[in-house]
Amino acid sequence: MWLKWWEKISGNGYKINRQYYQYIGSKRVKREMWRKLLLTWVFGWTVVSLWILCFMSLQATEKRKETLASMCDERARIVQDQFNVSMNHIQAMSILISTFHHAKSPSAIDQRTFASYTERTAFERPLTSGVAYAVRVLHYEREQFEKQQGWIIKRMDTLEQNPVHKDDYDTEALEPSPIQEEYAPVIFAQDTISHVISVDMLSGKEDRDNVLRARESGKGVLTAPFRLLKSNRLGVILTFAVYKRYLPSNATPNERIQATNGYIGGVFDVESLVEKLLEQLASKQSVIVNVYDTTNHTHPIAMYGSNVSGDVFNHVSTLNFGDPFRKHEMHCRFKQKPPWPWVAITTSIGILVIALLVGHIFHVTVNRIATVEEDCREMMELTKRAEAADVAKSQFLATVSHEIRTPMNGVLGMMHMLMDTDLDVTQQEYVRTAQESGKALVSLINEVLDQAKIEFGKLELEAVLFDIRSILDDVLSLFSDKSQGKGVELAAYVSDHVPKLLIGDPGRFRQIITNLMGNSIKFTDKGHIFVTIHLVEEIVHSIEVDNESNPESTLSDFPVANSCLSWKGFKAFSQEGPLGSFSSTSTDLINLIVSVEDTGDGIPRESQPLIFTPFMQAGSSISRKHGGTGIGLSISKCLVGLMNGEIGFASEPKTGSTFTFTAVFTNGLLNSNDSKIPQINNQSQPACSEFEGMNALVIDPRPIRAKVSRYHIQRLGIHVETVSDLNQCLSTINKGNAVINMVLIDQEVWYRDSSMSSHFFSSTRKLDLGSPPKLFILVNSSSSTSSKTSSVTSDVDNPTIITKPLRASMLAASLQRAMNVRDKRTLNRDLHNLSLSHLLLGRKILIVDDNGVNRAVAAGALKKYGAEVVCVSSGKDAISSLKPPHQFDACFMDIQMPEMDGFEATKRIREMEHNENREVSVKWHVPILAMTADVIQATHEECLRCGMDGYVSKPFEAEQLYREVCRFFPSS
């Protein structure tokens, strides 16, 4: 509560302080006004500190009262509970006497038995100092009773008038009880009060009234406080009537009087017993306790306590001893007077000192506030300029990257068209070099553009149907020349459990793989680079994956970093078991884990924490030696996050690195018929029907490398078996279980023993199995293999060399050339080109693009197939050209144009056609195809929504162009 109150005061002070600075800095008021405000501030906080002092003192007083009340009520409860225990025991003794004394003849109880029993059960009556039983004796029974007891009934009121000291007490000196209707002499007593035996309880005025009231009510009755016989201490007597056993529970007072046998009483030495109970409490010394009998409110009787002065506060707790006629109270007060409220004093003084300090700060800063505010304004202006410069930088990068990419697309398109012309070998090499350089520049521009998009938060993913194995083949082809030049073995493997088709962003997935493999190629000069793709669920259950980090089971002889450490820190793997949140119950979601393993230089340990920081490299020498911008890994991390995955790495200096990331895609096999999902073009189709049913043997002593070779060959529809050496291969061929069409031998086996290889070659030629199997040597580099192969075999039919990395398309081409198999896909491409010529010949097509280079590229691509092309540069010109009636058969429209984009132009063209169709019988609908490089789901949906009929990518590809235009133009 105090903290909230202080925060509120401090907050108000801060607001005043800020307004103070603003007004002073702008000089809106005079200093004299601030002096008055300062005096008002000091006076106000002085009043507040005094109020706080009073308030906290009052709170301390109330708390002290509550503490006293709690302590007093606790003591009253203890005394009352103990008294009730003693009272219940005395009442139980009355039943005992009625049963075993009056109801038995002869009696089972005498003085000795009673004294022994009461002494042994004294612990059950902690407040009683003694118990006695007085029998009821009528006047006519007195003489016989006295003879029977051997003593005379004594009188009590003599002691009340002339009290004696306890040491001078003698029952023989007491006078006989006067003659009366009945008597109540004590016959049994506890040893502690055995001196009351033979004393008549009805001869004393106070005792007589209590005895008579007890037998009429049937309840316990208390006497007023009085000095006890012999002990001369202040006490009370609790009396219960002892009735005959057959007394009903609802008896009247007269019936109770007639059924009375006697009276049992318990003597309570209040002073000593209350003192004993209070001694049990640890805080006894801090509280003064007084017990009063307040039956007579005007003259209360003190039963316990003293008149020692103490605290002024007094708390009264009511005591209920079971007798409604008698009233008792416990009065409590602290022994010590209340201390000074130092907390309240120090708090109020502290607040006042703080207020004075704040006022002093106000006064001191009056002359400096203008300068401070001016500096603040200048600093805010500099901050705004810095932020604006940062935004301008990002916008500049995005704009320049886009503007550079536009003419580069034109350059690449023209190069593509140039390759279709008649060029000699040298010219073709020049064009290919220019294309590769242009692609490298576009790749660099795309990285800068991606980084700008990441900073703006505008990076989005596509949802496209694609073949992940073809994507991996393309990346292997991209780095094949570099890996062969370095002599580094490059390989890839995709698990059979990964679906053939997935839905996701293939371009971004390729970008991640390219970045990781590009880094591996840069820093690896020996050994291997190995890319693997598995389902996440396989990580735990596949021993092959877990054991890949062992040196003996790697792709080459070189050890690698432990791949398990690269995903050990993934959060999802630590949730609910090893698979964590990747274990999806939905069959639509495919959770992939991709690893890129190399045996390069590794990452220095001091540079590993900064590896994903943009524009950061492991050292300044890295950029000088290997080049690069240092943003590839940071972009990859962002892309992995957009794919709902994580990325990590494990690296050992001088050993190598393993980068692992996860990504979530949708199963394309379940959604391949969905027309709303676009499909990327030129997806390679590795499964060739011309190889279906063939059998192949792979000879490789390394299981991992054999598994990779088997994976690529099986994609062509070939049945594959693996053996570890040439002898096993000959044994398998000689068994003749199946015709072996080809044998693929790793260079490690072929060049290990030239004599064995020569013997194997000659043995395969002598087999009586029809045509011998074709031999293929799998090598990492073709530069030094021809001479070795010739030295092993001198036959004209030498084994065919296949250079790694293996890809389905390259492998199929090599097998087709060696086995004289016709490539049906080449024939299909020729048919597409021929069909496009028939479809587009003589067609009048309108091209709409604001960029002249793009118009020229598009026009050249269409004119190649015989189309008549008309070009315009804006959406408004397109509307004018396509206003019915017109002669155009189709329109290729760019999406991004100034003034009016392709979407708006298409909407207006469709509106014109709709209005025209309502007036004439001819139905106008010109096919409009969008020209875009952004083939994403959102763009495709927007194209259809505004009235377009499809889209083609820039630059044009023959197969895609044929697929789109054949939907609108009948084949001639």
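Quick notes on this one:
- Filtering the stretch 136-145 to residues that are among the charged types (D, E, K, R), in a helix (DSSP H, G or I) and open to solvent by 40 Å² or more (accessible area, probe 1.4 Å) leaves Glu141, Glu143.
- Residues of the stretch 428-466 satisfying the condition of being of a type in the set (Phe, Trp, Tyr) and within 23 Å of Val391 (Cβ to Cβ): Phe456
- Contact map, the stretch 563-577: residues that are closer than 15 Å to Ala663 by Cβ paired with residues that are modelled with pLDDT of 80 or more and β-branched (Val, Ile, Thr), Cβ distance under 8 Å, separation 6+ or inter-chain. Pairs shown: Ser566/Thr658; Ser566/Thr660; Trp567/Ile593; Trp567/Thr660; Trp567/Thr662; Phe570/Thr662; Ala572/Thr662.
- Taking the criterion of being touching a Phe, Trp or Tyr at 6+ places or on another chain (Cβ under 8 Å), farther than 14 Å from Gly262 by Cβ and assigned to a helix (DSSP H, G or I), the only residue of the stretch 175-202 that qualifies is His195.
- In the set (1) modelled with pLDDT of 80 or more; (2) on the phi > 0 side of the Ramachandran plot; (3) not β-branched (Val, Ile, Thr), the condition left unmet by Ser757 is number (2).
- Residues within the stretch 325-353 that are in contact with a strand residue (DSSP E or B) (Cβ under 8 Å, 6 or more places away or on another chain), in a loop (DSSP other than H, G, I, E, B) and of a type in the set (Lys, Arg), tallied: 3
- Residue in the stretch 155-174 that is polar (S, T, N, Q), assigned to a helix (DSSP H, G or I), more than 24 Å from Leu247 (Cα to Cα) and modelled with pLDDT of 90 or more present: no
- Subset of the stretch 267-307 that is touching a strand residue (DSSP E or B) at 6+ places or on another chain (Cβ under 7 Å) and among the hydroxyl-bearing types (Ser, Thr, Tyr) - its residue that is least open to solvent (accessible area, probe 1.4 Å): Thr294
- Annotation: Lys676 fulfils all but one of (1) modelled with pLDDT under 90; (2) under 30 Å from Glu606 (Cβ atoms); (3) not polar (S, T, N, Q); the unmet one is (2).
- Filtered residues of the stretch 298-322 (kept if out of contact with any Phe, Trp or Tyr (no Cβ under 6 Å at 6 or more places or on another chain), in a loop (DSSP other than H, G, I, E, B) and modelled with pLDDT of 85 or more): Thr298, His299, Asn314, Asn320
- Number of residues in the stretch 237-266 that are over 14 Å from Ile90 (Cα atoms), of a type in the set (Val, Ile, Thr) and open to solvent by less than 20 Å² (accessible area, probe 1.4 Å): the value is 1.
- Listed by position, the helices (runs of 4 or more DSSP H) contained in the stretch 718-781 that have at least 1 residues being open to solvent by 50 Å² or more (accessible area, probe 1.4 Å) and over 16 Å from Pro701 (Cα atoms) are 726-735, 754-766.
- Residues that are touching a residue at least 60 places away in the same chain (Cβ under 8 Å) and open to solvent by 40 Å² or more (accessible area, probe 1.4 Å) within the stretch 195-225 comprise Arg213, Lys219, listed in sequence order.
- Against the test of being out of contact with any Asp or Glu (no Cβ under 6 Å at 6 or more places or on another chain) and farther than 22 Å from Tyr243 by Cα, the options Gln91, Gln80, Gln149 yield a single qualifying residue, Gln80.
- Residue in the stretch 563-577 that is in contact with a Gly (Cβ under 6 Å, 6 or more places away or on another chain), in a loop (DSSP other than H, G, I, E, B), open to solvent by 20 Å² or more (accessible area, probe 1.4 Å) and modelled with pLDDT under 80 present: yes
- Screening Gln148 on (1) open to solvent by 70 Å² or more (accessible area, probe 1.4 Å); (2) among the polar types (S, T, N, Q); (3) in contact with a Lys or Arg (Cβ under 9 Å, 6 or more places away or on another chain) shows it passes everything except condition (3).
- Boolean, Arg705 is open to solvent by 40 Å² or more (accessible area, probe 1.4 Å), more than 18 Å from Leu501 (Cβ to Cβ) and at pLDDT 90 or above: no
- Screening Val869 with (1) open to solvent by 20 Å² or more (accessible area, probe 1.4 Å); (2) touching a helix residue (DSSP H, G or I) at 6+ places or on another chain (Cβ under 7 Å); (3) farther than 18 Å from Met948 by Cβ; (4) at pLDDT below 90 gives one miss only, at (4).
- Some residue of the stretch 88-107 being without any contact (Cβ under 8 Å) to a residue 60 or more places away in the chain, of a type in the set (Lys, Arg) and more than 30 Å from Val343 (Cβ to Cβ): yes
- Those residues of the stretch 896-911 which are in contact (Cβ under 8 Å) with a residue 40 or more places away in the chain, in contact with a helix residue (DSSP H, G or I) (Cβ under 6 Å, 6 or more places away or on another chain) and open to solvent by 40 Å² or more (accessible area, probe 1.4 Å), in sequence order: Lys907
A quick yes/no check of all residues on (1) under 30 Å from Arg508 (Cβ atoms); (2) within 57 Å of the chain's Cα centre (by Cα); (3) surrounded by 15 or more Cβ atoms within 10 Å (Cβ to Cβ):
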| site | (1), (2), (3) |
| --- | --- |
| Gly852 | no, yes, no |
| Arg855 | yes, yes, yes |
| Ser880 | no, no, no |
| Asp894 | yes, yes, yes |
| Glu913 | no, yes, yes |
| Val922 | no, no, no |
| Arg945 | yes, yes, no |
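- Members of the stretch 357-388 that are open to solvent by less than 80 Å² (accessible area, probe 1.4 Å) and among the hydrophobic types (A, V, I, L, M, F, W, C): Val358, Phe362, Val364, Val366, Ile369, Ala370, Val372, Cys376, Ala386, Ala388
- For the stretch 541-558, the condition holds for no residue, the condition being that it is part of a helix (DSSP H, G or I), modelled with pLDDT of 85 or more and open to solvent by 10 Å² or more (accessible area, probe 1.4 Å).
- Only one entry in Gly852, Gly866 is free of Cβ contacts under 8 Å to residues at least 40 places away in the same chain and at positive phi, namely Gly866.
- Hits in the stretch 500-534 (condition: surrounded by fewer than 18 Cβ atoms within 10 Å (Cβ to Cβ) and under 20 Å from Gln714 (Cα atoms)): Lys500
- When we screen Val425, Val391, Val411 for residues that are among the aliphatic types (A, V, I, L, M), within 22 Å of Asp450 (Cβ to Cβ), open to solvent by 60 Å² or more (accessible area, probe 1.4 Å) and modelled with pLDDT under 80, the only hit is Val391.
- Contacts under 7 angstrom Cβ, first residue in the stretch 238-267 being farther than 10 Å from Ala214 by Cα, partner β-branched (Val, Ile, Thr) and surrounded by fewer than 16 Cβ atoms within 10 Å (Cβ to Cβ), 6 or more apart: Arg245/Thr99
The values are calculated or read from the model by the stated rules, or taken from the named source; none is laboratory data. Since this is a predicted model, take the numbers as computed values, not measurements. Please note: Cβ atoms are built from the backbone with ideal geometry, for glycine as well, and neighbour counts cover all protein chains shown. Remember, those area values only see protein heavy atoms, side chains included, never the ligands or the DNA or RNA. Shrake-Rupley method; radii C 1.70, N 1.55, O 1.52, S 1.80 Å.
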